[in-house]
Amino acid sequence: MKILFVASESGPFIRTGGLGDVVGSLPKTISQLGEEVAVVLPLYEEISADYRNKMEFIGSSVVPLGWRQQYGGLFKLEWENVSFFFVDNEYYFKRKGLYGHFDDGERFAFFSKAALELLPFMNFGKKKGAPDIIHCNDWQTGLVPVMLDAFYRHLDFYKNIKTVMAIHNIEFQGEMDKYVIDNVFGIPASHAAIVEYKGNANMLKAGIESANKVVTVSPTYAKEIMDPFFANGLEDILKARSFKISGILNGIDVDLYNPEKDKALFVKFSASTPAKKAGNKKGLQKLFNLPQKEGVPLIGMVTRLTSQKGIDLVIRVIHEILSLDLQLIVLGTGDWKYENALNDIANQYPTKMASAIYFSADVASKIYGGADMFLMPSKFEPCGLSQMMSMRYGTIPIVRETGGLKDSVAPFNPETKEGVGFTFVTYNAYDMLDAIRRAVGTFANKEEWSALMKNAMEKDWSWARSAREYIALYKSI
Ligand code: ADP
């Protein structure tokens, strides 16, 4: 099969979050399993010159977008057996930052249209011709399936292409005033109703409605988004199309997040040398000026400080948490009210808690490697990667049972010694506190804790498992 990913970001070129992790890893893994894969991205100004200098110019075309006629250039770079194509247009992409511009709707409508218009230039794989599957990601590419039907389907080259719409986070939908449907996107009246929702334009809804299949990043999230609590207004659309919606759990880059090789660690270790993890705990305690006590459990958090991540629960019972014999380190940036609150509390408890209000992959690794437990009490979590990273480093997750957290963290059963973490169900600070207490209690039992660490470290979070499920999904279409 030939599969083309259309996405607004991808590691290693340009990345702002989980979506970039997925697009940087999944296509490469699908290609390792023998399929032919390409990715098309916008050529952002912020993609570094190191990559730009290696790109090859393929061609250009005029891309019609409503009444506008825009230049669309195409560059190519082969990277780890995947062809990466980049759509060039300086008016739309020569700017600071990927998102947050007043005309994001127009920018990504252009990108979606250009990806389709330039498709005949995108030669990849052994046989010439169109891809079998176009795999779209999040609202930025939600117009691809509807534009394919409205503008290109009648042409021979495009007639057999099938589409997948992947939802990485339904919080973001590309919602805007509905005048853009005609005036900016140029969607004809015949297809306008697909893009319109509740009196607005909604780019994600357009993709959900017009793609052959819809996929989310965990099986539980695929069910949760039928519920208004999670769906951000799209529940009726999703329920009506539940027949074509499924969930596939993401993986992590197990070469990158590998305690045997990670250069950020104080001491490298593996599932067969778990005792060496203690050196990382010591180093981490020293880094944050916490007493270097091995017997006191150390809880880490590495997270965006937003309401999605359950920071309000942590702050709600912070004094109860810190009255236990434990230490807490929080690394993250986000809403100023959370940043300030965490700094204030850390100042009150200098021997028990540290706040690190910045972004650092190096310190993140040190926390995954050095903490005993990883706290992630999310209100909702489409998949979540950090709980998988922490398990890979033998750090036991304490999570709320939602989305990908529910699918990846089975609660520990002391009788059977099965399970990898501690969980709670209701979004309630005291239920979270209870899970923390259970974790701290188990930590005191060395035999049970070793079993837990072993279970967590032996879990397979590699992308190969997910990639096989994606290939099966493509074949089903
Ligand atoms: P989300 O994509 O919702 O932010 P995920 O758990 O899927 O949550 O992915 C978060 C990623 O961002 C992880 O790789 C995590 O290590 C990283 N991350 C989050 N905050 C920070 C930070 N302050 N410093 C370094 N890495 C961070």
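What are the residues in the stretch 293-316 that are away from the ligand (no atom under 16 Å from the Cβ), under 14 Å from Ala371 (Cβ atoms) and not β-branched (Val, Ile, Thr), if any?
Lys293, Glu294, Pro297, Leu298
Taking only the stretch 281-292 into account, find how many residues are part of a helix (DSSP H, G or I) and within 16 Å of the ligand (Cβ to nearest atom).
First, pick out the residues of the stretch 281-292 that are part of a helix (DSSP H, G or I): 281-287.
Keeping just the survivors that are within 16 Å of the ligand (Cβ to nearest atom) gives 284, 287.
Number of matching residues: 2.
Which condition does Gly404 not pass, out of (1) touching a strand residue (DSSP E or B) at 6+ places or on another chain (Cβ under 7 Å); (2) buried (at least 24 other Cβ atoms within 10 Å of the Cβ), if it passes all the others?
(1)
For the structure I just gave you, tell me whether Ile194 is touching a Ser or Thr at 6+ places or on another chain (Cβ under 8 Å) and either touching a residue at least 24 places away in the same chain (Cβ under 8 Å) or over 30 Å from Gly17 (Cα atoms) (or both). Explain how you work it out, then say what you get.
Values: touching a Ser or Thr at 6+ places or on another chain (Cβ under 8 Å): yes; either touching a residue at least 24 places away in the same chain (Cβ under 8 Å) or over 30 Å from Gly17 (Cα atoms) (or both): yes.
Yes: the conditions hold for Ile194.
Tell me, which residue of the stretch 177-207 that is surrounded by fewer than 19 Cβ atoms within 10 Å (Cβ to Cβ) and of a type in the set (A, V, I, L, M) is farthest from Leu234 (Cα to Cα)?
Among residues in the stretch 177-207 that are surrounded by fewer than 19 Cβ atoms within 10 Å (Cβ to Cβ) and of a type in the set (A, V, I, L, M), the one farthest from Leu234 (Cα to Cα) is Ala189.
Search the stretch 378-403 for residues being touching a Gly at 6+ places or on another chain (Cβ under 8 Å), under 17 Å from Gly18 (Cα atoms) and among the hydrophobic types (A, V, I, L, M, F, W, C), and hand back the single one that is nearest to the ligand (Cβ to nearest atom).
That would be Leu385.
Do we have Ser462 as surrounded by fewer than 18 Cβ atoms within 10 Å (Cβ to Cβ), more than 25 Å from Gly18 (Cβ to Cβ) and in contact (Cβ under 8 Å) with a residue 60 or more places away in the chain here?
no
Where in the stretch 1-120 are there strands (runs of 3 or more DSSP E), lying wholly inside it, with at least 2 residues that are of a type outside the set (A, V, I, L, M, F, W, C)?
Values: elements: 2-6, 36-42, 56-65, 68-79, 82-88.
Passing ranges, in order: 36-42, 56-65, 68-79, 82-88.
Report every pair of residues separated by at least 6 positions or lying on different chains whose Cβ atoms are under 6 Å apart, first residue within the stretch 361-386 and farther than 17 Å from Glu171 by Cβ, second more than 10 Å from the ligand (Cβ to nearest atom) and basic (Lys, Arg).
Every condition considered, the pairs that remain are Gly370/Lys281; Pro377/Arg400.
Within the stretch 330-360, which residues are buried (at least 18 other Cβ atoms within 10 Å of the Cβ), among the polar types (S, T, N, Q) and without any contact (Cβ under 8 Å) to a residue 24 or more places away in the chain?
Correct list: empty.
Only one residue in Phe93, Phe110 is over 23 Å from Ile208 (Cβ atoms) and modelled with pLDDT of 95 or more, so which one is that? It would help to see each step written out before you state the result.
Values: Phe110 fails: over 23 Å from Ile208 (Cβ atoms).
None of the other options fit; the residue is Phe93.
Residues in the stretch 319-341 that are within 28 Å of the chain's Cα centre (by Cα), hydrophobic (A, V, I, L, M, F, W, C) and more than 12 Å from the ligand (Cβ to nearest atom): how many?
3
Spot the failing condition for Gly233; the list is (1) part of a loop (DSSP other than H, G, I, E, B); (2) surrounded by 18 or more Cβ atoms within 10 Å (Cβ to Cβ); (3) away from the ligand (no atom under 16 Å from the Cβ); (4) in the same structural domain as Trp139 (by TED's automatic domain parsing), and only one is missed.
(2)
Restricting the search to the stretch 168-227, which residues are within 16 Å of the ligand (Cβ to nearest atom), charged (D, E, K, R) and in a helix (DSSP H, G or I)?
Glu224
Can you tell me which residue in the stretch 342-358 is farthest from the ligand (Cβ to nearest atom), limited to those that are within 18 Å of Ser307 (Cα to Cα) and part of a loop (DSSP other than H, G, I, E, B)?
The selected residue is Ile357.
Collect the residues in the stretch 307-323 that are part of a loop (DSSP other than H, G, I, E, B) and within 11 Å of Tyr338 (Cβ to Cβ), keeping them in residue-number order.
Residues of the stretch 307-323 part of a loop (DSSP other than H, G, I, E, B): 310, 317.
Scanning the stretch 307-323 gives a single hit, Gly310.
Among (1) surrounded by fewer than 21 Cβ atoms within 10 Å (Cβ to Cβ); (2) within 16 Å of the ligand (Cβ to nearest atom); (3) in contact (Cβ under 8 Å) with a residue 60 or more places away in the chain, which single condition is Asp21 missing?
Every listed condition holds for Asp21 apart from (1).
Out of Glu56, Glu80, Glu9, Glu90, which single residue is buried (at least 17 other Cβ atoms within 10 Å of the Cβ) and acidic (Asp, Glu)? Write out each step before concluding.
Numbers: Glu56 fails: buried (at least 17 other Cβ atoms within 10 Å of the Cβ); Glu80 fails: buried (at least 17 other Cβ atoms within 10 Å of the Cβ); Glu90 fails: buried (at least 17 other Cβ atoms within 10 Å of the Cβ).
Of Glu56, Glu80, Glu9, Glu90, the one residue that is buried (at least 17 other Cβ atoms within 10 Å of the Cβ) and acidic (Asp, Glu) is Glu9.
From the residues in the stretch 294-304 that are surrounded by fewer than 22 Cβ atoms within 10 Å (Cβ to Cβ) and in contact (Cβ under 8 Å) with a residue 12 or more places away in the chain, which one is farthest from Ala278 (Cα to Cα)? It would help to see each step written out before you state the result.
Initially, the stretch 294-304 is screened for residues surrounded by fewer than 22 Cβ atoms within 10 Å (Cβ to Cβ), giving 294-296, 304.
With in contact (Cβ under 8 Å) with a residue 12 or more places away in the chain added as a condition, the list becomes 294, 296, 304.
Details: Glu294: 7, Val296: 12, Arg304: 27 Å.
Ranking the candidates gives Arg304 first.
Would you call Val217 of a type in the set (Val, Ile, Thr) and within 19 Å of Ser462 (Cα to Cα)?
Working: of a type in the set (Val, Ile, Thr): yes; within 19 Å of Ser462 (Cα to Cα): yes.
Taking the combined requirement at face value, the residue satisfies it.
Suppose the filter is away from the ligand (no atom under 14 Å from the Cβ) and assigned to a strand (DSSP E or B); does Phe374 pass it? Working first, answer last.
Numbers: away from the ligand (no atom under 14 Å from the Cβ): no; assigned to a strand (DSSP E or B): yes.
Spelling it out, it is not the case that Phe374 is away from the ligand (no atom under 14 Å from the Cβ) and assigned to a strand (DSSP E or B).
The values are calculated or read from the model by the stated rules, or taken from the named source; none is laboratory data. Please read these numbers as outputs of a predicted model, since none were measured by experiment. All Cβ positions, even for glycine, are placed from backbone atoms using ideal geometry, and neighbour counts span all protein chains on display.
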